[in-house]
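These notes are about the structure you will find just below.
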Amino acid sequence: MGTARNIELYSVAYRLALKQISTLQMLEQPNIALHLHASIRRQIETGATEPLFIASEALRDIEKPITQGNQPRRKRARIARLNVQHLREIRMLARPTLTKPPRKDQDDLSSPRGQARPIDKRFLLRVDGQVKTSFDAKEHATTAGAAIKKAFPIVVVTVVDTERSTTETISSH
């Protein structure tokens, strides 16, 4: 493989791997970038060609516990347990804590907000059966309905008179 291809492969794999490392993990292990670099470089030199696999293998190499080979067996086991525990703590710290939103009083739960519109004026403008707004004068409601009908001819636009209980359908001209 050519040098340009190796550089491209290294760059893509490094970016993929670096995205998966949390800020906390970088703070805990300041030389993590060097370990990532060495692992990716070693894999490219051995002939690896897939950036995703290279990145995932580099991340596995970083998470491997660091043990000292010349230590007694008990001490190596203790170091391994501490490393596993340390990795669990890092993963737990990186997770966001979930909290419930504060509960509203029972008085606020009587009508869901945004679903029931207050009817404070005589003429209601309905679009496809849903009340959009209300008007004091029928002419204003009809003008607004005609504008909606002109822009969206497929919808059903009606003006409802709440005092007389009549409904007038706006047609497109």
Of the residues in the stretch 30-46, those that are more than 32 Å from the chain's Cα centre (by Cα) and either touching a residue at least 12 places away in the same chain (Cβ under 8 Å) or in a helix (DSSP H, G or I) (or both) number 6
If a residue has to be under 43 Å from the mean Cα position of the chain (by Cα) and crowded, with 16+ Cβ neighbours inside 10 Å to count, how many in the stretch 120-139 make the cut? 7
Search result, residues across the stretch 137-173 that are within 14 Å of K121 (Cβ to Cβ) and touching a helix residue (DSSP H, G or I) at 6+ places or on another chain (Cβ under 8 Å): V159, D161
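Going residue by residue through the stretch 17-29, is there one that turns out to be acidic (D, E), free of Cβ contacts under 8 Å to residues at least 40 places away in the same chain and part of a helix (DSSP H, G or I)?
No; the residues of the stretch 17-29 include none that is acidic (D, E), free of Cβ contacts under 8 Å to residues at least 40 places away in the same chain and part of a helix (DSSP H, G or I).
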Single residue of E28, E63, E57 found to be at pLDDT 85 or above and among the charged types (D, E, K, R): E57
Flag if R5 is at pLDDT below 85 and among the charged types (D, E, K, R): no
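Of all residues in the stretch 13-31, how many are under 19 Å from I44 (Cα atoms) and surrounded by 16 or more Cβ atoms within 10 Å (Cβ to Cβ)?
Of the residues in the stretch 13-31, 4 are under 19 Å from I44 (Cα atoms) and surrounded by 16 or more Cβ atoms within 10 Å (Cβ to Cβ).
The values are calculated or read from the model by the stated rules, or taken from the named source; none is laboratory data. Every value quoted in this text rests on a predicted model; they were computed, and no experiment measured them. A quick note on method: Cβ atoms are made from the backbone with ideal geometry, for glycine too, and the neighbour counts reach across all protein chains shown.
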